[in-house]
1. Go through the stretch 383-398 and give me each residue that's open to solvent by 10 Å² or more (accessible area, probe 1.4 Å) and under 21 Å from residue 260 (Cβ atoms).
2. Given the conditions (1) hydroxyl-bearing (Ser, Thr, Tyr); (2) free of Cβ contacts under 8 Å to residues at least 60 places away in the same chain; (3) open to solvent by 10 Å² or more (accessible area, probe 1.4 Å), which single one is not true for residue 325?
3. Within 22 Å of residue 311 (Cα to Cα) and charged (D, E, K, R): does that describe residue 239?
4. For the stretch 302-322, enumerate the residues that are touching a Cys at 6+ places or on another chain (Cβ under 9 Å) and either of a type in the set (Ser, Thr, Tyr) or part of a strand (DSSP E or B) (or both).
5. State which residue pairs qualify: first residue within 16 Å of residue 241 (Cβ to Cβ) and inside the stretch 281-298, second residue hydroxyl-bearing (Ser, Thr, Tyr) in any location, beta carbons under 8 Å apart, and separation of 6 or more residues or different chains.
6. Quick one: in the stretch 219-244, of everything that is without any contact (Cβ under 8 Å) to a residue 40 or more places away in the chain and either over 29 Å from residue 145 (Cβ atoms) or out of contact with any strand residue (DSSP E or B) (no Cβ under 9 Å at 6 or more places or on another chain) (or both), which residue is surrounded by the most Cβ atoms within 10 Å (Cβ to Cβ)?
7. Give me a count of the residues in the stretch 282-322 that are open to solvent by 10 Å² or more (accessible area, probe 1.4 Å) and aliphatic (A, V, I, L, M).
8. Are there any pairs with C-beta distances below 6 angstrom linking a residue in the stretch 378-396 that is touching a residue at least 24 places away in the same chain (Cβ under 8 Å) and among the aliphatic types (A, V, I, L, M) to a residue that is surrounded by fewer than 24 Cβ atoms within 10 Å (Cβ to Cβ) and assigned to a loop (DSSP other than H, G, I, E, B), with the two at least 6 apart or on different chains, and if so which?
Amino acid sequence: MTRLNNGDAENHLQNGDSEPNSNAEDATKSAKAKRKNDMTLEDMYNTPYDFDEDEDEDSDWEPFENHHVVEIAKWFCVNCTIFNLDNFDHCNVCGEHRNSGILKHGYFASPFSQEECLLQNETEIAERDKGSCLQTIASDKSTAIGFDERMLLHEEVEMKSHPHPERPDRLRAIVASLETAGIYPGRCFPILAREIKREELQMVHSLENIEAVELTSNILSCYFTPDTYANQYSARAARLAAGLCADLASAIYSRSAKNGFALVRPPGHHAGVKQSMGFCLHNNAAIAACAAQVAGAKKVLIIDWDVHHGNGTQEIFEKNKSVLYISLHRHEGGKFYPGTGAANQVGTNGAEGYCVNVPWSRGGVGDNDYMFAFQHAVLPIASEFAPDFTIISAGFDAARGDPLGCCDVTPAGYAQMTQMCSALSGGKLLVILEGGYNLRSISSSATAVIKVLLGESPECNLDSIVPTKAGLRTVLEVLKIQMKYWPAMEPKFSKLESEWGSYAFLHAKKQKRKRRQAAVPMWWKLGRKRLLFWVLRKKLRSELNWC
């Protein structure tokens, strides 16, 4: 940018009269103002004014115009990417320390201390887990983990005003948590990564879409949509992620591994037949489902608990009766991204009922609503489908503290849902990472899920699950629609409506009536009249009996 200076005015002051006249002073102010107006916001952040010494001493220059004030010192939270001012050491949203050690120790690192510090009790937990893990290395390598550091090269090149939420640190934090706990490497064994072949990709994506992703290998930086970036390493990262998911599915179905977790990125469930979108390039879950079918599975179940609807996965399988897709997500009447996934979207062309959407009507949904939906909708439909292989599209952006999902699912909730799914398909279960953008939430939740895959039992009392009124309405809506296609759902809907629905709505009306009556003193008057009538009637009967 061209920057104008006030050289003419200064020369006039130096070479002209001994005292500045009003014209020279006006010229100086005008030049300063023009130089200030010509600066962009980026200039103000990155290239402060280079004022001369006599300009700094000008008493007419206001303090806020001084370059030491214009340059705003800022930092972005490593945990949630929220903008913070430099004079604060902790994130004003999630509380994470600016020098947090979360990328070295995962969620075991203290959120309140600097990078080198670990809380003493967390260190003891990590050491104890490592000790127990070392005893099982030789005998218990049943859970496979898919991970490759080359997927970390997929990142946004263009520097913007805010870090992109889908960033390499997501994988780093999960791996750090697993390493600190001694889970991986240790109790789990790795699957070597390979790049997916084009013919495998063509089972779910159009050739044009595959070639569009491949083209990014020759471009430093590009965007499929305003929020879906790619650099020269992104296509390879996407092929590695898809290849890991395909190989994990084949290994688990053939019993080479008991179960597995695909620690991959970029995510995939928004990627459809013809388009890449929503941070996703290739649809990893869809590719894994096809790989399982190639290995011999006749029926595949995909459960998607990412807070966003997997529109790409639904599109790929909406006409396919061999794949049942069940998604639990925020919907809010289509106002939440990507806007698809209403309860009445059930599949097409003879595959009606093989798409089940559980669309939450609001944010803040927590463990009880999710597990209630699993108990009364997800698992009953899945059991009737009787899958040979189960895939979880495990986005952790419905986790507590996630900046995009704004929901309230805890690591214990994710662990319990994983436990519920492990009974399906004879335990042939593959968990694939999707979203999740709070590093502490995603690392603790992923670790809790992997512990269940390893055989640990989550602590949760399913008998005490009580849904919110909004959650109950959603589940009832889903059952009312899906019982047309799954006959076993009709008696469950009737029972749930009578035992839960009627009670909940009657209870709400009763509470409302009580509040209304409490505001009006007439209730007490009516009560006294009834009491007086009862006393007089009893007295009259007593006198008649005496006579």
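1. At the first step, the residues of the stretch 383-398 found to be open to solvent by 10 Å² or more (accessible area, probe 1.4 Å) are 383-384, 386-388.
387, 388, listed by residue number.
2. Just one mismatch for residue 325, condition (3).
3. Working: within 22 Å of residue 311 (Cα to Cα): yes; charged (D, E, K, R): yes.
Taking the combined requirement at face value, the residue satisfies it.
4. Result: 303, single match.
5. Close Cβ pairs (under 8 Å, with a partner that is hydroxyl-bearing (Ser, Thr, Tyr)) amount to 281/228; 281/234; 282/276; 283/313; 285/313; 285/393; 286/313; 291/250.
6. As a first pass, look at the stretch 219-244 and keep what is without any contact (Cβ under 8 Å) to a residue 40 or more places away in the chain: 219, 222-223, 226, 232.
Next, from what is left, pick out any that are either over 29 Å from residue 145 (Cβ atoms) or out of contact with any strand residue (DSSP E or B) (no Cβ under 9 Å at 6 or more places or on another chain) (or both): 219, 222-223, 226.
Values: 219: 13, 222: 17, 223: 13, 226: 7.
Only one residue tops the list, namely 222.
7. 4
8. 381/486
The values are calculated or read from the model by the stated rules, or taken from the named source; none is laboratory data. This one's a predicted model, so the numbers in the text were calculated from it and none came from an experiment. Please note: Cβ atoms are built from the backbone with ideal geometry, for glycine as well, and neighbour counts cover all protein chains shown. Accessible surface is based on the protein model in full, side chains and every heavy atom, while ligands, DNA and RNA are left aside. Shrake-Rupley method; radii C 1.70, N 1.55, O 1.52, S 1.80 Å.
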